[in-house]
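Notes to accompany the following structure.
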């Protein structure tokens, strides 16, 4: 199935190839990763290995001296107790340059569910660090991962792949940042405790926001979310009284009727002495009455406003991804040239060992002559002649034969190799 001379394999499943129930079965628990790495290398299926396991992908990056790529699939199925026929339709196997390109694309966020998302780079770094600490990486994978990180940095620097928000939660926080440039100086009221609000809380924390209040109909759920972000939890019934404390309000509940009306906002503004409020309603149906947008000192946005921003940004990222692919293609060529150079290392080592063996023999011979009382000047001259003759004997014989055979390519290569001048 695979070329016996391959050096690399990227093997795995992801959100594009496998449903969640398959991804769940193929995932590696973090606490078991080190043992899994050792198990794979000890099995003889790969000489080097790193495992990347996230909610959206499970990938094995393998390096070989002698290709045993088919055995990786067997080990993978055996480890997870999966039937080969059951998992085979979902698996991808990228050998050699395709493996390099895949690694570069993953690190750059081009293979992610959200195009250009940066979290995968950190996950790849964690995967590499664990494998490196476990002693399961070597020359090839060390270079592959370091190049992947470098390429990802270049993609982010030279393109706009990560410049704009492409999730509603991230877009919400980005919009808030446009209204209040330094979010760390402002307080936030989060209404609801679902996934979108949790993502908002995460992005707000990354922006340095420390003063957050989580209001939810079920106080226990609010407390779970609040504890995760060192925030305060309150019941939804107490929310109107806490509006006065909020510079930013982000609401996303499952309520079928508005939970925040014009009157409540008016009372809060009066107590705030008309300091502006940023209100973001990302619920469907809406949580905040549309009339609230008529008030002065209020910036009200809905999920539709954000979707327009996200749609524009997705298109922008797609255009940036085209540029990123060009960068990756060039870097893949560079990496494969490095891989090819490794094939010449044994020949270089053999050449140096042969020369060292000759040198050692001639130096020993010269030392014996000196100890026997021979003239040092003659010994040095003889050492030089002998080394020259023995080092050039084989190349001279080969070049004479090449001249007789009309092997012009070899003659030209010799001139280049030994920097010989034309006569």
Can you name the number of the only condition in (1) in a loop (DSSP other than H, G, I, E, B); (2) surrounded by fewer than 19 Cβ atoms within 10 Å (Cβ to Cβ) that residue 97 fails? (1)
Is there any pair with a first residue in the range 78-94 that is without any contact (Cβ under 8 Å) to a residue 40 or more places away in the chain and a second that is surrounded by fewer than 17 Cβ atoms within 10 Å (Cβ to Cβ) and not in a helix (DSSP H, G or I) whose Cβ atoms are under 7 Å apart and which are 6 or more apart or on different chains, and what are they? none
Give the residues of the range 29-69 that are without any contact (Cβ under 8 Å) to a residue 60 or more places away in the chain, under 18 Å from the mean Cα position of the chain (by Cα), surrounded by fewer than 20 Cβ atoms within 10 Å (Cβ to Cβ) and more than 20 Å from residue 114 (Cα to Cα), sorted by residue number. 30
With the condition kept exactly as written, say whether any residue in the range 399-414 is under 49 Å from the mean Cα position of the chain (by Cα), surrounded by fewer than 10 Cβ atoms within 10 Å (Cβ to Cβ) and outside any loop (DSSP other than H, G, I, E, B). yes
Within the bounds of the range 246-261, is there any residue that is touching a strand residue (DSSP E or B) at 6+ places or on another chain (Cβ under 7 Å), without any contact (Cβ under 8 Å) to a residue 12 or more places away in the chain and assigned by TED's automatic domain parsing to the domain that holds residue 174? no
I'm checking my understanding of the structure. Among residues of the range 301-329 that are crowded, with 19+ Cβ neighbours inside 10 Å and out of contact with any helix residue (DSSP H, G or I) (no Cβ under 8 Å at 6 or more places or on another chain), which one is nearest to residue 176 (Cα to Cα)? 317
For the range 43-66 the number of residues that are in contact with a strand residue (DSSP E or B) (Cβ under 8 Å, 6 or more places away or on another chain) and in a loop (DSSP other than H, G, I, E, B) is 5
Go through the range 28-42 and report how many residues are closer than 13 Å to residue 80 by Cβ and either assigned to a strand (DSSP E or B) or at pLDDT below 90 (or both). 1
Selection from the range 235-245 of residues that are touching a helix residue (DSSP H, G or I) at 6+ places or on another chain (Cβ under 8 Å) and either in a helix (DSSP H, G or I) or within 24 Å of residue 180 (Cβ to Cβ) (or both): 240, 243, 244
Going through the range 189-199 in order, the residues found to be within 32 Å of the chain's Cα centre (by Cα) and surrounded by 16 or more Cβ atoms within 10 Å (Cβ to Cβ) are 190, 193, 196, 197, 198, 199
From 333, 298, which residue is closer than 25 Å to residue 185 by Cβ and either surrounded by fewer than 16 Cβ atoms within 10 Å (Cβ to Cβ) or in contact with a strand residue (DSSP E or B) (Cβ under 8 Å, 6 or more places away or on another chain) (or both)? 298
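The values are calculated or read from the model by the stated rules, or taken from the named source; none is laboratory data. Note that this is a predicted model, so its numbers are computed, not measured. Glycine also receives a Cβ, built like all others from the backbone with ideal geometry; neighbour counts cover every protein chain displayed.
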